[in-house]
Amino acid sequence: MRRPEPVQTVKHRRDTALKALVGAVPYARFLGIGFERRGDELTANLSYDEKLIGNPALPALHGGVIASFLEVTAIIELSWAILWEELESGRITPEQLVENLPRLPKTIDFTVDYLRTGLPRDAYARARVNRSGRRYASVHVEAWQDNRARLFAQATGHFLMPAPKSD
């Protein structure tokens, strides 16, 4: 019987892979989007910054920033779901991932529902993959600020899945 890997090894493998994946999206870094991982579940974090304000009179987060935050969250969640199986099965190591990042899904359409004003503070989001096939995927994203039950935006997106890289 094979011994389980030490928890530090597993955590390092997963964290290294997530960091590489998020690093492949420079716009996420520009906006200040980060991700926290608990097992296979990701929570996106949009750190507040004055440059994110669209209406200084309110003040309120810019609608384009909110939409981008939701779309980046959906793309990273979708990519993470694909990578998770490969990482956990041992078909790919974090080092291989860092050196040879997979192609990211491409947005077909993305519909955002603005439910309330995005306040000048940190925001959080979680995405759920509704369907993921070889060519097409559907993802739902929800965003909140102070209270998880009080969403300020949600979105549904459809994505074209990348073709597997040929060796």
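Just so it is clear, none of the values below were taken in a lab; they were calculated from the coordinates. Note that the structure is predicted; figures quoted are calculated from it, not measured. Methodologically, a virtual Cβ is constructed for each residue, glycine included, from the backbone with ideal geometry; neighbour enumeration extends over all protein chains shown.
Results, tabulated for the structure shown:
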{"item": "Acute angle (nearest 10 degrees) that the helix 63-89 long axis makes with the longest principal axis of the chain, alpha-carbon atoms", "result": "10"}
{"item": "Extension gain (nm, one decimal) between Ala163 and Arg121, 0.36 nm per residue minus Cα-Cα", "result": "11.3 nm"}
{"item": "Segment 106-121 residues near the modelled Glu50 label - backbone nitrogen below 17 Å, point 7 Å along Cα→Cβ", "result": "120-121"}
{"item": "Label selected from [x] 9.9; [y] 11.9; [z] 11.1, the criterion being mean projected area of the Cα convex hull in nm² as computed here", "result": "[z]"}
{"item": "Glu36-Arg148 pseudo-label distance in nm [points 7 Å out on the Cα-to-Cβ vector]", "result": "1.0"}
{"item": "Ranked list, fewest to most other Cβ atoms within 10 Å of each Cβ, for Val129, Val72, Val139", "result": "Val129, Val72, Val139"}
{"item": "HN-Hα J in Hz across segment 130-136 - Karplus 6.51, -1.76, 1.60, θ = phi - 60°, x for Gly and Pro", "result": "7, 8, 9, x, 5, 10, 9"}
{"item": "For the chain, calculated [θ]222 nm from helices alone, where every DSSP H run of n ≥ 4 adds -39500 (n - 2.57)", "result": "-11000 deg cm²/dmol"}
{"item": "Local net charge near Gly157, Cβ-Cβ under 9 Å (Lys/Arg +1, Asp/Glu -1)", "result": "-2"}
{"item": "Stretch in the chain that is longest and holds no trypsin sites (Lys or Arg not before Pro) that DSSP places in a loop and that have at most 12 other beta carbons within 10 Å", "result": "3-90"}
